[in-house]
Amino acid sequence: MLKRKMSMAWERWQEVYQDLKFANRMGGGAIRRMKRKMSMAWEKWQQVYQDLKFANRMGGGAIRRMLNRKLSMASTGSFRWRGRSGSRPWAAEQWQQVAAELARQQAPACL
């Protein structure tokens, strides 16, 4: 009778052990897959962030260089504006010429 009860207990223990082993394997696989997907998502996010950071830096630098060039050309007077009527002097040069002409016309004639 004792051997029979010990045999039944042993079989029950093996059954429980097999069930737990299977559950752990299934759960562990799911967790590993989740970790892998999280890791892949994190790496993808980092790559997208680096790409956007690089694009913004390159684009911002090009725009900044273009604006600085235009400002520099305008201050030296070498910039020409191309409108519909072709090439004409930059507006800053034009108003300076008009202001100088008006000043000459309004100046009293001194001999």
Given the criterion modelled with pLDDT of 85 or more and either in contact with a Ser or Thr (Cβ under 7 Å, 6 or more places away or on another chain) or open to solvent by less than 100 Å² (accessible area, probe 1.4 Å) (or both), identify the matching residue among 74, 99, 41, 30. 41
Expected output for the stretch 96-111 (first residue of a type in the set (A, V, I, L, M, F, W, C), partner surrounded by 10 or more Cβ atoms within 10 Å (Cβ to Cβ) and modelled with pLDDT of 80 or more, Cβ below 7 Å, 6+ apart or cross-chain) is none
Answer yes or no: is there a residue in the stretch 17-34 that is assigned to a helix (DSSP H, G or I) and closer than 30 Å to residue 96 by Cβ. no
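The values are calculated or read from the model by the stated rules, or taken from the named source; none is laboratory data. Keep in mind that this is a model prediction, so the values were computed, not measured. Every residue, glycine as well, gets a Cβ built from its backbone with ideal geometry; the counts of neighbours run over all protein chains shown. Just so you know, the surface numbers come from the protein's heavy atoms only, side chains and all, with ligands and any DNA or RNA stripped out. Shrake-Rupley method; radii C 1.70, N 1.55, O 1.52, S 1.80 Å.
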